[in-house]
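Here's the structure we're looking at; comments come further down.
The values are calculated or read from the model by the stated rules, or taken from the named source; none is laboratory data. Computed from a predicted model, the values in this text were never measured in an experiment. We place every Cβ from the backbone using ideal geometry, glycine too, and count neighbours over all the protein chains shown.
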Amino acid sequence: MRLLITALMVLVNFILQTTLLHMFAIRGVLPNTALIIAVSYALLRGSREGAFVGIGAGLLQDIFFGSTLGAYALLYAVLAVLFGRSQRDFYRENYLLPVLFCSIAACLCEGAVYMAGFVFQGTGNLLYFLFQVMLPEMVYTAVITVPIYRILFGVNDWLELKEKYKYRLF
Amino acid sequence: MQQFLERHKKHIIRAVTLVLVIVAVAASWKNINATLLESAIGVVVTPFQDLTTGISSWVNTSITSAREKRDLKTENEELKTQIADLLAENKRLSLYDEENKRLSALLDIAQRYPELESTGTSVIAKDPGVWYDVFTIDKGTKDQMTANMVLIAPEGLVGKVLESGLTYSSAQSILDSRSSVPAMSLRTGDLGVVKGSYTLLNEGLCTMEYIDGEAEIMVGDEIVTSHLSDIYPAGIPIGKVAELETDPNGLTKYAIIEPFVDLKHLTTILAVSKGSSGETIQLENQTEDTP
């Protein structure tokens, strides 16, 4: 059940992210909703499950748009593991930490792509990266995280309630 | 006198009746005015008649107007739904019109390059990232799409196919920083390479690099694909020069190119595969444009 719903969420997010979300681009910058979902999931359920969500979302992006299969999958998985470690240490009802973490994760993700794709090829443009990509994306991600985290939190609560009920039966 | 009347009662009545009939007939013919008595009666009666008629007509009209109101309301609703239907229809037709224009433009370019095999296709998804300009199109190996097929819009070059799945292909536009297209200036024949740049991607511009330092290329020159490529057929328009700068080394120039195609709002494009007859087109173009 959980697997099915999570897979469905990742898939629906991918479809919306690549088609509809382009309408909401601000100066070409879009919030990376796949990363937001992976990190939020890691914060709600821990590193391991977050990593799997990250791998799923990343693989979809790699298959359709990437030049190297697995690059985004690895990146999202690593970020999910990194931020999932704090799952035990904070209250899930609090919105501040997910917003902060997703924002930082988006920043790290863009930084990694920038480093791998451009700096090592000698075409890095640090000012462009900082002010045209990183800052707007951090802000936009922070804003978009709130509704997405709210939805994930609700779905997760519902699933955990169902699972608890199932476990009590046996 | 009494006796006379008793005896001739019948005659008198007949005579009076006859007179009355004659008078009535005469009156109806001559259309004389009402007499004083009639007028007096009329003065008393007509206001009441007026009143009753007024009341009855008022009742009548108010009933009919209420009914009419109801009718009008339903009619209004009907008309409104009809208008909505017509508007929807109109919108649908204008969409068809747009599509028709786009497709006939594509047909135009398909006929311009008759030697090349071509397939119409449309963009279905775009890369969500900010660094690259990759998109998915709705034709795959099922429709004979293969990697390195060239994508053209009515205005000019769009990019090339990176890889093909069964029902989709992912494609790279000329704005992508991994893309490089051998190009030349149509007016002077100066060669260069059109490359994407992630800093210009957002504004829909790209650069043309490795132009010879002494080339006579100018702002506003039209840039087309050159014959030096294995992938791109020669002579496809790319864009025009918006800015021209000299590289720091002083030996080469680079230009900022404004593509003819609005690459941010792509919908329908044409995929062509470079055939063996690509050379002839290039030669025709050169002979036309070199003088």
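Odds and ends about this structure:
- Counting residues in segment B:114-128 that are assigned to a loop (DSSP other than H, G, I, E, B), at pLDDT below 85, more than 25 Å from B:LYS240 (Cβ to Cβ) and among the aliphatic types (A, V, I, L, M) gives zero.
- Scan of segment B:138-178 for residues that are in a strand (DSSP E or B), buried (at least 24 other Cβ atoms within 10 Å of the Cβ) and hydrophobic (A, V, I, L, M, F, W, C), ordered by number: B:VAL150, B:LEU151, B:ILE152, B:LEU157, B:VAL158, B:ALA171
- Any hit, segment A:119-137, residues being buried (at least 16 other Cβ atoms within 10 Å of the Cβ), more than 12 Å from every other protein chain (Cβ to nearest Cβ), free of Cβ contacts under 8 Å to residues at least 40 places away in the same chain and among the aliphatic types (A, V, I, L, M): no
- Scanning segment B:188-245 for residues being within 14 Å of chain A (Cβ to nearest Cβ), under 28 Å from B:ALA110 (Cβ atoms) and surrounded by fewer than 21 Cβ atoms within 10 Å (Cβ to Cβ) gives a total of 2.
- Picking from residues in segment A:1-13 that are crowded, with 16+ Cβ neighbours inside 10 Å and more than 28 Å from B:LEU175 (Cβ to Cβ), the one that is nearest to the other protein chains (Cβ to nearest Cβ) is A:VAL10.
- Set B:SER104, B:SER94, B:SER122, B:SER118: member being within 14 Å of chain A (Cβ to nearest Cβ) and either farther than 26 Å from A:HIS22 by Cα or surrounded by fewer than 16 Cβ atoms within 10 Å (Cβ to Cβ) (or both): B:SER122
- Segment B:185-239, residues that are farther than 21 Å from B:ILE152 by Cβ, assigned to a loop (DSSP other than H, G, I, E, B) and of a type in the set (Ser, Thr, Tyr): B:THR188, B:SER197
- Only one entry of A:LEU75, A:LEU100, A:LEU16 meets the criterion of being buried (at least 20 other Cβ atoms within 10 Å of the Cβ) and within 15 Å of the chain's Cα centre (by Cα), and that entry is A:LEU75.
Quick grid of which residues meet (1) hydroxyl-bearing (Ser, Thr, Tyr); (2) modelled with pLDDT of 90 or more; (3) surrounded by 10 or more Cβ atoms within 10 Å (Cβ to Cβ):
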{"position": "B:MET1", "(1), (2), (3)": "no, no, no"}
{"position": "B:PHE4", "(1), (2), (3)": "no, no, no"}
{"position": "B:LYS10", "(1), (2), (3)": "no, no, no"}
{"position": "B:ALA26", "(1), (2), (3)": "no, no, yes"}
{"position": "B:VAL44", "(1), (2), (3)": "no, no, no"}
{"position": "B:LEU72", "(1), (2), (3)": "no, yes, yes"}
{"position": "B:LYS80", "(1), (2), (3)": "no, yes, yes"}
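- Conditions (1) under 38 Å from the mean Cα position of the chain (by Cα); (2) modelled with pLDDT under 90; (3) closer than 25 Å to A:PHE129 by Cα; number of the one not met by B:GLU209: (1)
- Residues in segment A:32-72 that are within 11 Å of chain B (Cβ to nearest Cβ), in contact with an Asp or Glu (Cβ under 7 Å, 6 or more places away or on another chain) and buried (at least 24 other Cβ atoms within 10 Å of the Cβ): A:TYR72 only.
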